[in-house]
């Protein structure tokens, strides 16, 4: 279990989320003495799933946030047609790069994302996985520039948000499903009473 998702953790949500861009509604729910998990539970209970995703993505290490994002995206892809086929192709590239993070696979992910102008959820997932294990700069560049720590999580949130908007009748509920899945995978399902 990750400490941030432990309902008994001592770390305060205020210090953890201080540098994150959250909605006014989410900031209004932040209470003194509240840990991250209790704050996440409160956000989800009040329909602020997008804010919960931002926090979850920041709390998870890069490899875990990408793996969770890929799984979430795969579970939300339904149907067939060119748009869904494009999403599946991008997701397959992202999952391949997650398993084998070579320069070649990272470049394939970045080429795919650029080819679809980052207009698909899987393009952002492919971008996230490429950034998670490698530099922003192309192979052979004289200077390697790593992605900022928050960039991977932000790309995953962009992918999940786009997927919820395009693939769901109720995007807010879909975002909550993604968040709940992360809490189930990486922490206890519900917070214990104080």
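Filter segment 110-139 down to the residues that are surrounded by fewer than 16 Cβ atoms within 10 Å (Cβ to Cβ), under 19 Å from the mean Cα position of the chain (by Cα) and within 20 Å of residue 91 (Cβ to Cβ) and list them by number.
119, the sole residue that qualifies.
Looking only at segment 1-15, filter to residues that are under 20 Å from the mean Cα position of the chain (by Cα) and buried (at least 18 other Cβ atoms within 10 Å of the Cβ); which one of those is modelled with the highest pLDDT?
So, considering only residues that are under 20 Å from the mean Cα position of the chain (by Cα) and buried (at least 18 other Cβ atoms within 10 Å of the Cβ), the one modelled with the highest pLDDT is 13.
Working only within segment 140-158, note down all residues that are assigned to a loop (DSSP other than H, G, I, E, B) and surrounded by 14 or more Cβ atoms within 10 Å (Cβ to Cβ).
Within segment 140-158, just 147 meets the criteria.
Residue by residue through segment 114-127, note down the ones that are assigned to a helix (DSSP H, G or I) and either closer than 17 Å to residue 82 by Cβ or modelled with pLDDT of 95 or more (or both).
Listed by number, the residues that qualify are 115, 121, 122, 123, 124, 125, 126, 127.
Quick one: count up the residues across segment 128-152 that are farther than 28 Å from residue 84 by Cβ and at pLDDT 95 or above.
Qualifying residue count, segment 128-152: 0.
Output the residue which, of all residues in segment 159-190 that are without any contact (Cβ under 8 Å) to a residue 40 or more places away in the chain and in a loop (DSSP other than H, G, I, E, B), is farthest from residue 113 (Cα to Cα).
In this case the residue turns out to be 189.
Name the one entry in 25, 33 that is surrounded by fewer than 17 Cβ atoms within 10 Å (Cβ to Cβ), assigned to a helix (DSSP H, G or I) and more than 17 Å from the chain's Cα centre (by Cα).
Details: 33 fails: assigned to a helix (DSSP H, G or I).
Matching residue, one of 25, 33: 25.
Given the structure, is residue 42 closer than 21 Å to residue 171 by Cα and either surrounded by fewer than 22 Cβ atoms within 10 Å (Cβ to Cβ) or modelled with pLDDT under 95 (or both)?
yes
State all residues of segment 167-176 that are more than 13 Å from residue 51 (Cα to Cα) and surrounded by 15 or more Cβ atoms within 10 Å (Cβ to Cβ); if no residue qualifies, say none.
Once the filter is applied, which keeps residues that are more than 13 Å from residue 51 (Cα to Cα) and surrounded by 15 or more Cβ atoms within 10 Å (Cβ to Cβ), segment 167-176 yields 167, 168, 171, 174.
Which condition does residue 16 not pass, out of (1) more than 25 Å from residue 165 (Cα to Cα); (2) not in a helix (DSSP H, G or I), if it passes all the others?
Answer for residue 16: the failing condition is (2).
Does residue 101 satisfy being surrounded by 15 or more Cβ atoms within 10 Å (Cβ to Cβ) and free of Cβ contacts under 8 Å to residues at least 60 places away in the same chain?
Judged against the criteria, residue 101 is a match.
The values are calculated or read from the model by the stated rules, or taken from the named source; none is laboratory data. On a predicted model such as this, the values are computed, not experimentally measured, just so you know. When we count neighbours, we look across all protein chains shown, and the Cβ atoms used for this are built from the backbone with ideal geometry, even at glycine.
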